[in-house]
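What follows is a short report on a single structure.
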Amino acid sequence: MAGEVAIDSGEKRLNELGYKQELRREMTLFKTLAISFSTMTLFTGITPLYGSSLRYTGPASLVWGWVVVSFFTWFVGFAMAEICSSFPTTGSLYFWAAHLAGPVWGPLASWCCAWLEAIGLIAGIGTQAFAGSQVLQSIILLCTGTNKGGGYLTPRWLFLLMYIGLTFIWAVLNTFALEVIAFLDLISMWWQVIGGTVIVIVLPLVAKTTQPASYVFTHFETAPEATGIRSSAYATILSLLVSQYSLYGYDAAAHLTEETKGADKNGPIAILSSIGIITVFGWAYILALTFSIQDFSYLFDPSNETAGTFVPAQILFDAFHGRYGSSAGAIALLFVIWGSFFFGGLSITTSAARVVYALSRDRGVPLSSVWRRVHPRHRVPANAVWLCAAACALLGLPILWINVVFTAITSIATIGWVGGYAVPIFARMVMREEDFSPGPFYLRRASRPVCLVAFLWICYTCTVFLLPTAYPISAGNFNYAPVALGACLGLIGLWWVLDARRWFKGPVRNIDDPLKDGGGDGVHNNGNKV
């Protein structure tokens, strides 16, 4: 009819699923891709775990491990893209789990998925804050004369303040209108693409000597005297953790589908494009660092210029100081890397708040009425933002007493975040095909094999992040993730058994009469009765 405004395809699908449009739908494909890419980030996964992975088995398994992990990550990405195309909602993973699991198992599936994802995302903010503080610590140390020249190495209390400070800044920025976040994430994308290109090209050129290809691609060397691990197979498994930790976060595009134009098409594109970009750039970054190593054993020496605290910083210092006798170039590139952590933390805070908001909207969080409030002016879930920031700050408090905080936080983040992927993917794999209402992106007969490989890979990933990372096991090197996760998931499971199962029914409609053309079928109504 003349004069009618055509409804966005993503909004139309949202209405069919029983939700009204509350958030502002103005994100373009490029903006959504920028946020998704910023959540994965080029540097933030590789940089903090590069040194430990390199030490386990040397360069070969680190370099080829990225290729192996990338291969399996594509299966997870394709499975999630298909589901995202069918269910373009802010609740994303836990909404998918509820609808795909059916009316009987849907509430439990969405409950498990939502809490896994919330825990993973909040811990994900912590990983960015911790590693960002670690890079900032290295910058301060090099700027004040290096470890050998009496430079300032930040004490624990100051490191914690930097950690909390970053978390606070991200929360403040996420309180403003979505356009501000989208603009900063556009900067983030170009920051990482341009900065990553500069580092990948400049670092090997600046280094006075570079390692031969035979060393980078074939050298395998365990370090039992440092790690306590004598099994080559076990050491190889641990060396892949850097790749497994780096290659997730692409679901950020799904969290923003209620704010994205044409989300049923653009959501899947953003997910797969993010994986493609990070796969190529990530491998190039690993190669640049590895080719530029000057002295392998010196990287881990506590008496070196960076106090043995951050291997990538030492590689940068060795390259620039060896060529120019100055650390200025290393400091500049470290600042580029720090910017990546800053933007990554900002994006993950955005995603975490959206998950908490969506779960609160369906009354799945204590005091839900508080956390589901949308700022009347900026139209963002501001209360959910600050809840995530506060939880993240509490997660960092053990920095004052123990040295393995980052190991625990990364394990919690990976298991929670990636574990949340497994629930809807498994439900999609076992459901009847005639009960699935596909969107524009549809795998057809390939769907079940893709989902099976994706699910098994996720199970493997979650398992290895629970393993001890050093031997003999002591209070100083123990992986506390199983204890922390066991306590959290145990309480959440107990809450479900004793109380939540009686009233939590999964995603709750906020439209009384959804559109007739597609709404109301058996799949869409699963888990929606209150």
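The values are calculated or read from the model by the stated rules, or taken from the named source; none is laboratory data. Computed from a predicted structure; not experimentally measured. Reconstructed Cβ throughout: ideal geometry from the backbone, glycine too, with neighbour counts over all protein chains shown. Surface areas here come from the heavy atoms of the whole protein model, side chains and all, with no ligands, DNA or RNA. Shrake-Rupley method; radii C 1.70, N 1.55, O 1.52, S 1.80 Å.
Taking segment 447-487 as the range and being within 30 Å of SER86 (Cα to Cα) and within 21 Å of the chain's Cα centre (by Cα) as the test, the residues that pass are CYS451, VAL453, ALA454, PHE455, LEU456, TRP457, ILE458, CYS459, TYR460, THR461, CYS462, THR463.
Within segment 165-188, the set of residues being over 19 Å from LEU395 (Cβ atoms) and either among the small types (Gly, Ala, Ser) or at pLDDT below 80 (or both) comprises PHE176, ALA177, LEU178, GLU179, VAL180, ILE181, ALA182, PHE183, LEU184, ASP185, LEU186, SER188.
If you go through segment 278-312 and pick out every residue that is assigned to a loop (DSSP other than H, G, I, E, B), at negative phi and either free of Cβ contacts under 8 Å to residues at least 60 places away in the same chain or of a type outside the set (Val, Ile, Thr) (or both), you end up with 10.
Of all residues in segment 455-508, those being loosely packed, with under 13 Cβ neighbours inside 10 Å, of a type in the set (A, V, I, L, M) and closer than 24 Å to ILE122 by Cβ number 6. If the condition is being part of a loop (DSSP other than H, G, I, E, B), touching a residue at least 60 places away in the same chain (Cβ under 8 Å) and small (Gly, Ala, Ser), then segment 450-474 contributes only ALA470.
Per-residue answers, yes or no, for (1) open to solvent by less than 50 Å² (accessible area, probe 1.4 Å); (2) under 24 Å from the mean Cα position of the chain (by Cα):
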| position | (1), (2) |
| --- | --- |
| PHE168 | no, yes |
| PHE176 | no, yes |
| TRP191 | no, yes |
| ILE194 | no, yes |
| ILE201 | no, no |
| LYS208 | no, no |
| VAL216 | yes, no |
| PHE220 | no, no |
| ILE229 | yes, no |
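Among the residues of segment 443-450, is there at least one that is open to solvent by less than 60 Å² (accessible area, probe 1.4 Å) and more than 18 Å from PRO268 (Cα to Cα)? Within segment 443-450, not a single residue is open to solvent by less than 60 Å² (accessible area, probe 1.4 Å) and more than 18 Å from PRO268 (Cα to Cα). For SER351, the criteria (1) within 23 Å of PHE87 (Cα to Cα); (2) out of contact with any Ser or Thr (no Cβ under 7 Å at 6 or more places or on another chain); (3) not aromatic (Phe, Trp, Tyr) hold in every case but one, which is (2).
With respect to ILE337, is the statement that it is closer than 30 Å to GLU221 by Cα and surrounded by 21 or more Cβ atoms within 10 Å (Cβ to Cβ) true? So ILE337 fits the description; yes.
With modelled with pLDDT under 90 and in a helix (DSSP H, G or I) as the only criterion, which of GLY322, GLY249, GLY267 stands out? That would be GLY267, the only listed residue that is modelled with pLDDT under 90 and in a helix (DSSP H, G or I). With respect to the conditions (1) of a type outside the set (Ser, Thr, Tyr); (2) within 23 Å of ALA352 (Cα to Cα); (3) in contact (Cβ under 8 Å) with a residue 40 or more places away in the chain, PHE75 falls short on a single one, namely (2). If the condition is being within 12 Å of the chain's Cα centre (by Cα) and open to solvent by less than 20 Å² (accessible area, probe 1.4 Å), then segment 111-143 contributes GLU117, ALA118, GLY120, LEU121, ALA123, GLY124, ILE125, GLY126, THR127, GLN128. Among the residues of segment 175-211, those identified as among the polar types (S, T, N, Q) and either outside any helix (DSSP H, G or I) or in contact with a Leu (Cβ under 7 Å, 6 or more places away or on another chain) (or both) are GLN192, THR209, THR210, GLN211.
The set of residues from segment 306-326 being of a type in the set (S, T, N, Q) and surrounded by fewer than 24 Cβ atoms within 10 Å (Cβ to Cβ) comprises THR309, SER326. The set of residues in segment 344-370 that are crowded, with 23+ Cβ neighbours inside 10 Å, of a type outside the set (Asp, Glu) and modelled with pLDDT under 75 contains only GLY364. Would you mention how many residues in segment 144-166 are open to solvent by 40 Å² or more (accessible area, probe 1.4 Å), part of a loop (DSSP other than H, G, I, E, B) and among the β-branched types (Val, Ile, Thr)? The number of residues fulfilling the criteria is 1. In segment 235-249, is there at least one residue being over 21 Å from the mean Cα position of the chain (by Cα) and without any contact (Cβ under 8 Å) to a residue 60 or more places away in the chain? No - not one qualifying residue is present in segment 235-249.
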